[in-house]
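*Asks:* First, the structure itself, so that you have it in front of you.
The values are calculated or read from the model by the stated rules, or taken from the named source; none is laboratory data. Just so you know, these numbers come straight off a predicted model, no measurement behind them. Reconstructed Cβ throughout: ideal geometry from the backbone, glycine too, with neighbour counts over all protein chains shown.
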Amino acid sequence: MHIDFGELAPASVYAMMTQTIVPRPIAWVLTRNADDSLNLAPFSYFSAVCSAPPTIMLSVGKHVDGREKDTRRNIREREECVVHIAHSGQAEFMTATSASLAADVSELEQAEKVFGAAATELVPMPGSSLPRLKQCRVAYACRHDQTIDVGPQGVVLARVSDVWLDDEIVTEDAKGRIKVDAKALDPLGRLGGGEYVTAGDVVFVERPA
């Protein structure tokens with residue numbers, strides 16, 4: 001089957017791309033609103049960009065009415081965020097935070113009513129004035145570098161200053177270097193629509209010298 005993207009509506013292009021560019025890592029991004037409440041939202045147009053300087057990318061769209069999304073505005077105005085990697089046990093909680101809410105409504109407060117205080121518990125995050133979600137196994141403290149507009153998307157480049165790792169996912173390799181156990185991390189990957197994938201079997205293939 002051949003599909004000419006030029007003949008498709010943007011929504012159809014989005015559906016095709018998100019069902020075939022898979023699995024995608026998910027940035028679960030915590031930012032601060034203007035009223036000092038916290039915003040939490042997932043984005044699967046997300047990846048590492050560079051390790052020197054350590055930089056990640058997330059692409060944030062707009063609401064259907066054209067308004068800027070809270071995450072994009074918060075990062076632009078307050079210049080920081082904490083990016084979490086969610087695990088499989090957080091799939092429903094994470095998905096719930098993708099709901100479109102008014103700017104003065106905190107996703108954390110809404111989620112606590114459904115999932116309980118333990119799920120939404122926050123603790124200090126090294127390298128940031130923002131907290132992190134206690135139950136996430138990885139969290140990055142990030143500062144805004146620049147935002148590049150691509151169509152309706154804002155491609156946000158953020159510098160990572162600190163990373164927090166749950167001790168339970170950290171091991172050592174044969175040379176004594178830190179190694180993250182992918183099975184223990186149990187990250188969620190995004191597929192199309194409401195579908196997600198977990199790490200499952202981890203296949204090791206020796207890289208050439």
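*Asks:* Here are E107, E172, E112: which of them is in contact (Cβ under 8 Å) with a residue 12 or more places away in the chain and acidic (D, E)?
*Replies:* Numbers: E172 fails: in contact (Cβ under 8 Å) with a residue 12 or more places away in the chain; E112 fails: in contact (Cβ under 8 Å) with a residue 12 or more places away in the chain.
Answer to the selection: E107.
*Asks:* While we're on this one: Exactly one condition in (1) without any contact (Cβ under 8 Å) to a residue 24 or more places away in the chain; (2) crowded, with 17+ Cβ neighbours inside 10 Å; (3) not basic (K, R) is not met by F5; state its number.
*Replies:* So F5 meets the others, but not (2).
*Asks:* Determine whether Y45 is among the aromatic types (F, W, Y) and touching a residue at least 60 places away in the same chain (Cβ under 8 Å). Let's see the steps before the verdict.
*Replies:* On the way: among the aromatic types (F, W, Y): yes; touching a residue at least 60 places away in the same chain (Cβ under 8 Å): yes.
Judged against the criteria, Y45 is a match.
*Asks:* Pairs, please: C-beta under 6 Å, at least 6 apart or cross-chain, first residue hydroxyl-bearing (S, T, Y) and in the stretch 175-199, second in a loop (DSSP other than H, G, I, E, B)?
*Replies:* Y196/L188
*Asks:* Next question, about the same structure. What number of residues within the stretch 171-209 satisfy the criterion of being of a type in the set (D, E, K, R), in a strand (DSSP E or B) and surrounded by 14 or more Cβ atoms within 10 Å (Cβ to Cβ)?
*Replies:* The first filter runs over the stretch 171-209 and keeps only residues of a type in the set (D, E, K, R), leaving 172-173, 175, 177, 179, 181, 183, 186, 190, 195, 201, 206-207.
Keeping just the survivors that are in a strand (DSSP E or B) gives 172, 179, 190.
Now narrow it down to the ones that are surrounded by 14 or more Cβ atoms within 10 Å (Cβ to Cβ): 190.
Residues flagged as of a type in the set (D, E, K, R), in a strand (DSSP E or B) and surrounded by 14 or more Cβ atoms within 10 Å (Cβ to Cβ) within the stretch 171-209 amount to 1.
*Asks:* May I ask you to list the residues in the stretch 153-169 that are aliphatic (A, V, I, L, M) and touching a residue at least 60 places away in the same chain (Cβ under 8 Å)?
*Replies:* Filtering the stretch 153-169 down to residues aliphatic (A, V, I, L, M) leaves 155-158, 160, 163, 165, 169.
Across the stretch 153-169, the qualifying residues are V155, V156, L157, A158, V160.
*Asks:* Would you mind stating whether E168 is exposed (fewer than 14 other Cβ atoms within 10 Å of the Cβ), at pLDDT 95 or above and either hydroxyl-bearing (S, T, Y) or more than 19 Å from T55 (Cα to Cα) (or both)? Even if it seems obvious, please write down each step before you answer.
*Replies:* Details: exposed (fewer than 14 other Cβ atoms within 10 Å of the Cβ): yes; at pLDDT 95 or above: yes; either hydroxyl-bearing (S, T, Y) or more than 19 Å from T55 (Cα to Cα) (or both): yes.
Yes; evaluated as a whole, the condition is true for this residue.
*Asks:* Restricting attention to the stretch 108-136, which residues are under 14 Å from E92 (Cβ atoms), surrounded by 19 or more Cβ atoms within 10 Å (Cβ to Cβ) and among the aliphatic types (A, V, I, L, M)?
*Replies:* A111
*Asks:* A follow-up question, please. Considering only residues that are modelled with pLDDT of 90 or more and surrounded by fewer than 21 Cβ atoms within 10 Å (Cβ to Cβ), which ones fall in the stretch 94-107?
*Replies:* Scanning the stretch 94-107 gives T95, A96, S98.
*Asks:* I'm trying to understand the selection: among the residues of the stretch 82-136, which are assigned to a loop (DSSP other than H, G, I, E, B), under 19 Å from I26 (Cα atoms) and in contact with a Leu (Cβ under 7 Å, 6 or more places away or on another chain)?
*Replies:* A86, T97, T120, K134 - these are the residues of the stretch 82-136 that are assigned to a loop (DSSP other than H, G, I, E, B), under 19 Å from I26 (Cα atoms) and in contact with a Leu (Cβ under 7 Å, 6 or more places away or on another chain).
*Asks:* Another one. Residues G116, G151: which one is farther than 25 Å from H87 by Cβ and at pLDDT below 95?
*Replies:* G151
*Asks:* For the stretch 21-74, which positions are of a type in the set (A, V, I, L, M, F, W, C), out of contact with any Ser or Thr (no Cβ under 6 Å at 6 or more places or on another chain), surrounded by fewer than 20 Cβ atoms within 10 Å (Cβ to Cβ) and not in a loop (DSSP other than H, G, I, E, B)?
*Replies:* The initial filter retains those residues of the stretch 21-74 that are of a type in the set (A, V, I, L, M, F, W, C), namely 21-22, 26-30, 34, 38, 40-41, 43, 46, 48-50, 52, 56-58, 60, 64.
Adding the requirement that they be out of contact with any Ser or Thr (no Cβ under 6 Å at 6 or more places or on another chain) leaves 21-22, 27-28, 30, 34, 43, 46, 48, 50, 52, 56, 58, 64.
Keeping just the survivors that are surrounded by fewer than 20 Cβ atoms within 10 Å (Cβ to Cβ) gives 21-22, 34, 48, 50, 52, 64.
Hits for the stretch 21-74 are A48, C50.
*Asks:* For the list (1) under 24 Å from V180 (Cβ atoms); (2) out of contact with any Lys or Arg (no Cβ under 9 Å at 6 or more places or on another chain); (3) of a type in the set (A, V, I, L, M, F, W, C); (4) not in a loop (DSSP other than H, G, I, E, B), I need the number of the one condition that A141 fails.
*Replies:* Only one criterion is unmet by A141, namely (2).
*Asks:* Can you pull out every residue in the stretch 26-78 that is over 21 Å from P124 (Cα atoms), in contact with a helix residue (DSSP H, G or I) (Cβ under 9 Å, 6 or more places away or on another chain) and β-branched (V, I, T)?
*Replies:* I26, V60
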